[in-house]
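Visitor: Mind having a look at this structure? Questions to follow.
Throughout, read-outs are computed from the coordinates displayed, never taken from laboratory work. Small disclaimer: the values here were computed from a predicted structure and weren't measured. Glycine also receives a Cβ, built like all others from the backbone with ideal geometry; neighbour counts cover every protein chain displayed.
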Amino acid sequence: MKQNLFLNKVTLYGAILGFVMLASHIFEQCAVVYGGSVSWYSAMGIEYLVAVVVYIWMLYRFAKSYSLEVLSEQGEVKMFSFGAGYGFIISVSSLSGVIVGLGRYILHNLVIGHSEYTKAMISSLQSILKANPETASMMSTYNQIFAQMSSQPEPTIFQTIFSSVWGYFISAVLVGLIIAAMIKVEPNIFGNSNSEQ
C-alpha cells in the first residue's frame, strides 16, 4: 500500500512540477530566441527567480501532502523519516526533469530546429554584448565561443533528457535536505498526541 501511494504521488506530483517547469523553460527560450533585447533578458531574469521560488514551494507542498497521507495510514505511533521525505523529493524532481528534457528536445530540435535555435541564440547574445561598451571590446573572444557553439552537434533525445534529469536531481539533492528536515515527524513512543506540522 505504501509503495503504491509513493508511486502514485511521485507520478502525479512529478508530472505537475514538470509541466510547470517546462512552461518556465519555454518562456525563457522564447525570450532568448525571439526577444533578444535587454528588456527581454531582464524579464527572463525575473521569471527565472520566480521559477526557482515556485519550484521550491511546490516541492515542499507536495512532500508535505505526501507525508500527511503516510501519517494518516499509520496507527498510534506516527513517524515520517527524513529519508522517506528526501527520497520522495528527489524522485518527484527527477521525474519532472524527464518531462522538461523531453519538452526541451521537442522545442529545440523539432519545433525550432537545432541550427536555427543556435543561430538565434548567438545572434541574440551578440546584440546584447554589442550594446554594452565594456563587452564590445571583447567581441573577438566571444566570437570564438560562438563559433564553438555553432559547431556543436545536435544532441540526441537521450542526451537532452539525461542532462535535464541530472540538473533537477542535483537541485533536489540540495533543496531536499532542508525540506525533508522540515517535514519529518519523529515517533512518539510515549503515546501522547502527536502534533503534525
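Visitor: Sorting Thr160, Thr141 on the 10 Å Cβ count, fewest up front, what's the list?
Guide: Thr141, Thr160
Visitor: Enumerate by residue number the GluC sites (Glu not before Pro) in the range 18-110 meeting two conditions: DSSP loop (anything except H, G, I, E, B), and at most 16 other Cβ atoms within 10 Å of the site's Cβ.
Guide: The qualifying sites are Glu73, Glu76.
Visitor: A follow-up question, please. So if R0 is 22 Å, what FRET efficiency would Phe27 and Leu102 give, r being the distance between their Cβ atoms, rounded to the nearest 0.05?
Guide: Given R0 = 22 Å and the Cβ-Cβ separation, E is 0.80.
Visitor: May I ask you to derive the relative contact order of the range 1-76, considering only C-alpha pairs under 8 Å and at least 6 residues apart, and to give it as an integer percent?
Guide: Value for the range 1-76: 36 percent.
Visitor: Could you give the length gained by full extension between Phe158 and Glu47, i.e. 0.36 nm per residue of separation minus their alpha carbon distance, to one decimal place?
Guide: 37.2 nm is the gain from fully extending Phe158 to Glu47.
Visitor: In sequence order, what are the phi-derived ³J(HN,Hα) couplings for the range 111-118 according to the Karplus relation 6.51 cos²θ - 1.76 cosθ + 1.60 with θ = phi - 60°, rounded to whole Hz, with x for glycine and proline?
Guide: 7, 8, x, 4, 5, 5, 5, 5
Visitor: Sticking with this structure for a sec: How high is the relative contact order of the range 2-183, given as a whole-number percent (alpha carbon pairs under 8 Å, six or more residues apart)?
Guide: Answer for the range 2-183 is 36 percent.
Visitor: About the Cα centre of the range 2-183, how large is the charge dipole given +1 on each Lys and Arg Cβ and -1 on each Asp and Glu Cβ? Please answer in debye to the nearest 20.
Guide: Around 160 debye, computed over the range 2-183.
Visitor: Still on this structure: Based on alpha-carbon centroids, what's the gap between the range 10-49 and the range 63-89 in Å, whole number please?
Guide: Cα centroid of the range 10-49 versus Cα centroid of the range 63-89: 32 Å apart.
Visitor: By count of other Cβ within 10 Å, fewest leading, how are Met21, Met58, Met79 ordered?
Guide: So the ranking, lowest neighbour count to highest, is Met79, Met58, Met21.
Visitor: If you keep only loop residues by DSSP, which chymotrypsin sites (Phe, Trp or Tyr not before Pro) in the range 1-82 have at most 11 other Cβ atoms within 10 Å of their Cβ?
Guide: Loop-located and lightly packed - none at all.
Visitor: In the range 2-183, if the dipole is taken from +1 on Lys/Arg beta carbons and -1 on Asp/Glu beta carbons about the Cα centre, which of His108, Gln152, Leu22 is farthest to the positive end?
Guide: The one lying farthest along the dipole's positive direction is Leu22.
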